[in-house]
1. For segment 162-293, what ratio Rg/Rh do Cα atoms give with a Kirkwood hydrodynamic radius?
2. Assign unit charges at the C-beta atoms only (+1 for Lys and Arg, -1 for Asp and Glu), then state the dipole size of the chain relative to its Cα centre in Debye, rounded to the nearest 20.
3. Return the calculated 222 nm mean residue ellipticity for the chain, to the nearest 500 deg cm²/dmol, obtained by summing -39500 (n - 2.57) across DSSP H runs with n ≥ 4 and dividing by the residue count.
4. Provide, as a two-decimal number, the C-alpha radius of gyration of segment 51-168 over 2.2 N^0.38 Å, N being how many residues it has.
5. Rg/Rh for segment 1-116: what does it come to with C-alpha atoms and Rh from Kirkwood?
6. For segment 4-292, what value does the Rg/Rh ratio take when both radii are computed over Cα atoms and Rh is the Kirkwood radius, given to two decimals?
7. Looking at the chain as a GNM with Cα springs under 10 Å, which of A212, A31, A248 has the largest mean-square fluctuation?
8. Select from K125, K62, K186 the residue whose mean-square fluctuation is largest in a Gaussian network model of the chain (Cα-Cα springs shorter than 10 Å).
Amino acid sequence: MANQAKLEGILIPMPTAFKDDGSPDESAVDALVDFYIATGVQGIFALGTHGQGMVMEIEERKRVAEKIVKRAAGKISVVLHVGTANTYSSMDLARHGAALGVDALAMVPPYYYPHNDHEVFAHYKSVAQAVPGVPLFIYDNTETTRVHITPPKVLKVQEEISPFSTLCGIKLSFVSFDEALQYVFKLPPSIAIFPGSIYSLYSGFSLGVRGAIHPPSSPFPDLCVRLWRALKENNAAEARNAHDQIAAVMQVLGKFMPDHGRRVFQEIMQLRGLPVRRFPRWECLAFTEQERQ
């Protein structure tokens, strides 16, 4: 089913577009998937934080996942995020994703309520039992879940799910470069390390960082692909050039995000001709015409 060897490079956290009434715009999915395929990304990280999975109903997530997988099939990898605040919804989404044939299933730990280690490990084990043979992918996002899955805990998750599945990777959000390297050094190569920062890929590729899942780059995947290819080809000058261009883009995003939040991505993707009528799902402060200039 899944091919773990594919899981490297730029896994774009694809944004889910919404209609003006806030419902998922399923008609926009094909255009977004085609856009990412054309830029040369290695895969899509679907329905995570940037994909708005946590603010969508279970059936909405299933329908969007179906369209993403159908459009991307045979072209690029799909890592489908199925994390929710409760184990049973995650199991439901995992079974659905497994039936679609995704390359891996990603999960944040259960959130909202405080959870001890036993409860977190049991959560991953239960989902693995529900989809035997399907590779799992940890999504560590301490900022939103208040659970930090450290390298020793990653190994414990691997142990708990091992009768049923394999652990093929981890996405690290809100960790420093030095922290990311601890995962590289302390975990086996079979667990691919994907920082949420493109800068950690630039600095850590030679040390074993496998790729990046970088939400701010979702409107500019071509720059990330340039960086990845340059790193693979050991072209230091081109890698630095791509890195510096990404940094310049991030400065622009950083200027507007305090006031406009994730609406920044809607504006930029519209400028790139993509059919993103509304993003994120919730209301954000609109841009003025002067700001758009």
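Where a number appears in this text, it was derived from the coordinates with a stated rule and is not lab data. Keep in mind that this is a model prediction, so the values were computed, not measured. Note: ideal-geometry Cβ built from the backbone for every residue, glycine included; neighbour counts use all protein chains shown.
1. 1.04
2. That gives the chain a dipole magnitude of about 440 debye.
3. Dividing the helical sum by the residues of the chain leaves -14000 deg cm²/dmol.
4. Details: Rg = 13.5 Å, N = 118, 2.2 N^0.38 = 13.5 Å.
That works out to 1.00 for segment 51-168.
5. On the way: Rg = 13.7 Å, Rh = 14.3 Å.
Ratio of gyration radius to Kirkwood radius for segment 1-116: 0.96.
6. Details: Rg = 18.0 Å, Rh = 19.1 Å.
With Rg and the Kirkwood Rh in hand, the quotient comes to 0.94.
7. It is A248.
8. K186
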